[in-house]
1. Counting helices only, and only those DSSP H runs with n ≥ 4, report the 222 nm mean residue ellipticity of the chain as the sum of -39,500 (n - 2.57) divided by its residues, in deg cm²/dmol to the nearest 500.
2. To make sure I understand, if each residue's beta carbon is the centre and we count other beta carbons within 10 Å, what order do 278, 187 fall in, fewest to most?
3. With the Cα gyration tensor of segment 150-243 in hand, convert its eigenvalues to equivalent ellipsoid semi-axes via √(5λ) and list them largest first in whole Å.
4. Which whole-Hz couplings ³J(HN,Hα) result when phi for each residue of segment 134-147 is put into the Karplus expression 6.51 cos²θ - 1.76 cosθ + 1.60, θ = phi - 60°, listed in order with x for Gly and Pro?
5. Structure shown: which of 161/253; 217/419; 431/464 lie over 24 Å apart, alpha-carbon to alpha-carbon?
6. What nm distance separates the two modelled labels at residue 243 and residue 149, each placed 7 Å from Cα along Cα→Cβ?
7. Name the residues whose placed amide hydrogens come within less than 5 Å of the amide hydrogen of residue 65, ignoring near sequence neighbours (fewer than 5 apart) on the same chain.
8. Give the lysines whose C-alpha is closer than 18 Å to that of residue 385, dropping any in the same chain fewer than 8 places away, or say none.
Amino acid sequence: MKNFIFLLFTIFIAKVGFSQSTNPTDFLPKEFHQQRREILRSKMPNNSVAVVFSNTIRNRANDVDFIFHQDPNFYYLTGYREPSAVLLIFSDEQTNENGKSYNEIIYVQEKNATSEMWDGVRLGKEGTKSKLGFSEVKNGIDFIQSNINFKQFDQVFIDGKFKDDYRDTSDKASIYELVKSFKEKSEYNPNIKNTIESLAYRLISKSTLENKDETKKAIVELTTKYRGLKNDPFILDFIDSNDFSLLKDIQRKTSLALQIETNINLDFFPNQMATLREVKTDEEIVLLTKAIRISAMGQIEVMKAMKSDMSETELQGIHEFVYKKYGAEYEGYPSIVGAGNNGCVLHYIENSKTKVGNDLVLMDLGAEYRGYTADVTRTIPANGKFTPEQKAIYDVVLKAQEAGIAAYTIGTKISEPKKIARQIINEGLLKLGIIKSLDEKHSYLPHGTTHHIGLDVHDPGNYKTFEKNMVLTMEPGIYIPNGSPCDKKWWGIAVRIEDDILITENGPINLSDEAPRTTKAIEKMMAKSSILNAFILPNLDKK
Ligand SMILES: [Mn+2]
């Protein structure tokens, strides 16, 4: 009997033990992150260091914060998923206080029983060593107290400018304190410029009142490469300056700004990360494919479940329920579910319409699985049947998308599919009488069609030519808001079709094609019955 009880007890412990250890096991392996750091180091010139900060916690309201999300570059290089950490990668071997040599060090959140009781377990130094494969690990406070001399390096690489939204907390090694300490140690000057800013400033210093318009044009062109330029105070002043003395004053300031001497470089790190991250490894493709297929399953379930009396929020909830059911942690970006004219708002995230009625519903959502996010859009008729007008617009977008996808081949310019799609959309709009000529300027397709996806929904890349193992979206659309200069029957129709395409030696592979794309296949799927039809909750408004 004693033995039997012992046996039962052992089974009980084993079961409890088992259920406690069933955390996801398919995160990227530590070898992935180690190898990524090796490649970055191999690109760094002698006597340089890259300094990479984790993301910060952002406040939602009062004492509630937004859910923490790691900075994608930091995650890519470390696998560390906590705030308040900093990574240093050295081009050359360094020697620690015990005479041991190392070429990278990570400073992490210190273990703290009280904090961990409230906010969850921290990896700490030992966990970071064993789970993430770092050999040189210290606590954040050690970075602050260290006397690392950043001036000794020929170059210090950081990830662009600091955003100044790091929260100052009571934690002595919060990311706010880490960044502050780095700024002091490195004599960081907030006015240092990246290459594009320097270029814009040089244009300004050479500008005259006569050729100001040309300079302005060139600067606007540069803002497409670096958005920060749009808010640069000197550039704003330059655009407003219309007399000689004002212009001279700005030119004096910009020349001064160009003269700052620093060993801090804002370009190298983001450029290298774009080059690394734009081509996916096999492990990354596995996770991305999973995120994409989960998102396609969400679209399928919503197609089956959608009814005219459903709200946009409810439809969003069905997508997101499917994501969670498959174990996806988050959505990769705020979900967009827009019925009718709401679909014309490109980043419509209110999802507040209480009944989708008989409109087309545009649904742009992506599951985030182990950090990797999909980006899939389907546009479907709420009542299950496309009207002739809806179908006419839909088929133009689909034709544009298919022709665009066919160009996702190794060596083709990444800008090419957009040109192909735009041409087909213009021809389609002309044929339907929505525009009057092929070269008519219109805003029925106001966005690009192609971006990388990965740890970011808009993943960094160089955007030159398609290469093997890149994963990019193809997402043409037509948006005809109410009041547009065309026949009223088109008003309020918005269609976007977005798929995620893997570039291979054998041509493009559409990773999201499980979600129906043709009007026929969508109508067929929508005619299927949904298990959610039986999910009826009590009416809370009834007394
Ligand atoms: Mn997209």
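FYI, it's all coordinate maths here, none of it is from the lab. On a predicted model such as this, the values are computed, not experimentally measured, just so you know. Note: ideal-geometry Cβ built from the backbone for every residue, glycine included; neighbour counts use all protein chains shown.
1. It lands at -12000 deg cm²/dmol.
2. 187, 278
3. Over the Cα atoms of segment 150-243, the ellipsoid semi-axes are 34, 15, 11 Å.
4. 3J(HN,Hα) across segment 134-147, in whole Hz: 8, 9, 10, 10, 9, 7, x, 4, 5, 5, 5, 7, 6, 10.
5. Exceeds cut-off: 431/464.
6. 5.2 nm
7. Close amide H contacts, sequence-distant or interchain: 60.
8. Within the straight-line cut-off, residue 385 pairs with 304, 307, 355, 489, 520, 524, 528.
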